[in-house]
């Protein structure tokens, strides 16, 4: 994106819901586009540039229940060819196998050619010794000597208190001083008030938040974005498609987009929404299918921020989508495993499919195929899942809705 178009992007903020003037306090400096490469943004005023599209390793392609390494290798080769060289993994992803996958695949490339982000699972650590053990384990699994970006994972009010008690930041700051971490930040799931407290506690290099056009208001992502922008903290975006929901939507919402531009995907609108925010450094996407990767590369090559007219299109589509009454689950799996065996994300998925397409027979069939143990009706309302949910969904109550939908 050239300087003229980048400056135009600042003006688009007036149409984003609308966004107050504080959101323009800082912006990731523009970087001239390279032919065939995704657009990049400069990290603050340094020489480091980051691709606007990041390769998320939470939803990797699978084969026979395991990560499909060969497909991942092909996808990474495509990504690298097009300048997508920011890779995001975590201790919990794919039951711990995402980090191993990152090590196997990325170690085939020169270390200076890619950026790797990993995360400290604060919820898993029980002691300061655990923090050090896990960090060293992650370096070994990823086959690296340092992490370009490293985060305290999924901070909220509870895990923040734990992180302070275990002095996690202090340990990771020491690792940064040793050169084993280049940029230190955190990912976040809680209210803006909690975010403000965390963001002001230390001189963070960046923060990762859930941000998309649905959550801009209902998840208070706008307030979170503004807090970080005001403090001069660059934003990495997770869940730009809200677990894939904004790539599919319902028929009436999809029609709003296709009437406006039949030549682009529904997903591209969501990516351009978050990419139009100037303090967004990188947008992560879990691209399970290669065609998704290619479509996202297309969206972020010669990136064009949303115009005011296009923002109005998104508003119309969102209004149509919100009428469906779906459960706002991102299928992150943090609620799992259920102590009685209920497959929470699967139940929500088939319920949402019913709300979108209205096919009762398909719902009944899919629900029956779960088997009694995994069905919503088996929920005993213990509430453990509700405490773990980053989206703050009342899961037991929603499972009752799912069970009641069967006829």
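The values are calculated or read from the model by the stated rules, or taken from the named source; none is laboratory data. Since this is a predicted model, take the numbers as computed values, not measurements. Note that we place each Cβ from the backbone using ideal geometry, even for glycine, and neighbour counts take in every protein chain shown.
Within region 258-274, restricting attention to residues that are surrounded by fewer than 23 Cβ atoms within 10 Å (Cβ to Cβ) and touching a helix residue (DSSP H, G or I) at 6+ places or on another chain (Cβ under 6 Å), which residue is farthest from residue 326 (Cα to Cα)?
Only one residue fits best here, namely 260.
Residue check: is residue 243 out of contact with any strand residue (DSSP E or B) (no Cβ under 7 Å at 6 or more places or on another chain), touching a residue at least 24 places away in the same chain (Cβ under 8 Å) and within 23 Å of residue 86 (Cβ to Cβ)? Explain how you work it out, then say what you get.
On the way: out of contact with any strand residue (DSSP E or B) (no Cβ under 7 Å at 6 or more places or on another chain): yes; touching a residue at least 24 places away in the same chain (Cβ under 8 Å): yes; within 23 Å of residue 86 (Cβ to Cβ): yes.
Here the answer is yes, as residue 243 does meet what is asked.
Out of curiosity, is residue 133 surrounded by fewer than 19 Cβ atoms within 10 Å (Cβ to Cβ) and farther than 10 Å from residue 91 by Cβ? Quick ask: steps written out before the conclusion?
Values: surrounded by fewer than 19 Cβ atoms within 10 Å (Cβ to Cβ): yes; farther than 10 Å from residue 91 by Cβ: yes.
So residue 133 passes the test.
Being in a loop (DSSP other than H, G, I, E, B) and either over 30 Å from residue 112 (Cβ atoms) or without any contact (Cβ under 8 Å) to a residue 40 or more places away in the chain (or both) is the filter here; which residues of region 172-204 pass it? Step through it out loud before you land on a result.
Of all residues in region 172-204, those in a loop (DSSP other than H, G, I, E, B) come to 178-180, 189-191, 200-204.
Correct list: 178, 179, 189, 190, 191, 200, 201, 202, 203, 204.
Residues being out of contact with any helix residue (DSSP H, G or I) (no Cβ under 7 Å at 6 or more places or on another chain) and either crowded, with 19+ Cβ neighbours inside 10 Å or farther than 23 Å from residue 49 by Cα (or both): count how many of those fall in region 149-189.
17
Can you tell me which residue in region 228-240 is surrounded by the fewest Cβ atoms within 10 Å (Cβ to Cβ), limited to those that are touching a strand residue (DSSP E or B) at 6+ places or on another chain (Cβ under 9 Å) and part of a helix (DSSP H, G or I)?
229
Rundown of residues vs (1) under 30 Å from residue 233 (Cα atoms); (2) modelled with pLDDT under 95, yes/no style:
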| site | (1), (2) |
| --- | --- |
| 250 | no, yes |
| 258 | no, no |
| 261 | no, no |
| 270 | yes, no |
| 277 | yes, no |
| 297 | yes, no |
| 312 | yes, no |
| 320 | no, yes |
| 327 | no, yes |
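Residue check: is residue 213 crowded, with 20+ Cβ neighbours inside 10 Å, farther than 17 Å from residue 51 by Cα and modelled with pLDDT under 95?
Working: crowded, with 20+ Cβ neighbours inside 10 Å: yes; farther than 17 Å from residue 51 by Cα: yes; modelled with pLDDT under 95: no.
No; evaluated as a whole, the condition is false for this residue.
Having 1 or more residues that are more than 27 Å from residue 218 (Cα to Cα) and free of Cβ contacts under 8 Å to residues at least 40 places away in the same chain is the bar; report the helices (runs of 4 or more DSSP H) wholly within region 328-388 that clear it.
On the way: elements: 344-357, 360-369, 384-388.
Result: 360-369.
Among the candidates 263, 215, single out the residue that is over 25 Å from residue 352 (Cα atoms) and without any contact (Cβ under 8 Å) to a residue 60 or more places away in the chain.
Values: 215 fails: over 25 Å from residue 352 (Cα atoms).
Residue meeting the stated conditions: 263.
Check 293, 284, 277, 306 and return the single one that is surrounded by 16 or more Cβ atoms within 10 Å (Cβ to Cβ), assigned to a strand (DSSP E or B) and in the same structural domain as residue 56 (by TED's automatic domain parsing). Let's see the steps before the verdict.
Values: 293 fails: assigned to a strand (DSSP E or B); 277 fails: assigned to a strand (DSSP E or B); 306 fails: assigned to a strand (DSSP E or B).
Every option except 284 fails the conditions.
Select from region 64-79 the residues that are surrounded by fewer than 19 Cβ atoms within 10 Å (Cβ to Cβ) and closer than 17 Å to residue 93 by Cβ and write down the one among them that is modelled with the lowest pLDDT.
65
Restricting attention to region 389-407, which residues are surrounded by 12 or more Cβ atoms within 10 Å (Cβ to Cβ), over 27 Å from the mean Cα position of the chain (by Cα) and assigned to a loop (DSSP other than H, G, I, E, B)?
Once the filter is applied, which keeps residues that are surrounded by 12 or more Cβ atoms within 10 Å (Cβ to Cβ), over 27 Å from the mean Cα position of the chain (by Cα) and assigned to a loop (DSSP other than H, G, I, E, B), region 389-407 yields 405, 406.
Does residue 333 satisfy the criteria of being surrounded by fewer than 17 Cβ atoms within 10 Å (Cβ to Cβ) and under 27 Å from residue 256 (Cβ atoms)?
On the way: surrounded by fewer than 17 Cβ atoms within 10 Å (Cβ to Cβ): yes; under 27 Å from residue 256 (Cβ atoms): no.
When the stated conditions are applied, residue 333 does not pass them.
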